[in-house]
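The values are calculated or read from the model by the stated rules, or taken from the named source; none is laboratory data. Source: prediction; values computed, not measured. FYI the Cβ positions are ideal-geometry reconstructions off the backbone, even for glycines, and counts take in every protein chain you see. Areas reflect the complete protein model, heavy atoms only, side chains present, ligands, DNA and RNA absent. Shrake-Rupley method; radii C 1.70, N 1.55, O 1.52, S 1.80 Å.
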Amino acid sequence: MSAPSRSSTKRLVPLVIDPDRDPWEQQPGETDTQYGWFRAHLEAGLGRTVGATADTVNKNPSYLREIAGLRLWRQRVTAYDTHRAQVREQVWLEKCGEAAEADAKILTAAAGKIAQRLMSLNTASLSDGDFVRLLDVVMRHRRQLMGPVAELNVNATVTTRTQLDQDVLDLLEQMESLPSPGQEEGR
């Protein structure tokens, strides 16, 4: 490893990060060689050390530590790592949103199919428990997909209905109009 003289780092002035540049970009007063060393350090990832970077760029570790201190590597690396974490989080949130939209479409289609199938079922053969379980599954998935339940005002009037809501209400009316099993036997 090459060992530069002590006077070579004494001539360097501490770096001032340009507010118009990202901290991990090459800064004014930073030579291409120094920036190359910094990039090697930056690209080493979260387990990076100046000593390992010194080995990679074939420089004396003490010399590179001085350069790293004067060129604010720690602050710049922290800014870069924070930025990368924010980008990863944003990408993750976008992917979660896309997945939720796809799930909503699937749930809507499935609920519609269930409602169609329920309309064609012999409702007399459908027990109250079967109906409740089917409704519970659809509603549980709808609530999970739509997020936490808002506080409801039970005195409020619902003014909008989806087709699924109407199909479920129609089915309930049909079930109510059917004679109970005990009433059919008496006829």
Before we move on, is ASP130 at pLDDT 75 or above, over 28 Å from ALA99 (Cα atoms) and among the acidic types (Asp, Glu)? yes
Within region 18-43, the residues that are open to solvent by 50 Å² or more (accessible area, probe 1.4 Å) and under 36 Å from the mean Cα position of the chain (by Cα) are PRO19, ASP20, ARG21, ASP22, GLU25, GLN26, ARG39, GLU43
Region 44-69 residues that are surrounded by fewer than 18 Cβ atoms within 10 Å (Cβ to Cβ), paired with ones that are aromatic (Phe, Trp, Tyr) and in a helix (DSSP H, G or I) (beta carbon under 7 Å, 6 or more apart): VAL57/TRP37
Starting from region 84-101, take each residue that is under 20 Å from LEU46 (Cα atoms) and list its partners that are part of a helix (DSSP H, G or I) and of a type in the set (D, E, K, R), counting only C-beta distances under 8 angstrom and pairs at least six apart or across chains. none
Quick one: would you say THR82 is open to solvent by 40 Å² or more (accessible area, probe 1.4 Å), among the hydroxyl-bearing types (Ser, Thr, Tyr) and under 31 Å from the mean Cα position of the chain (by Cα)? yes
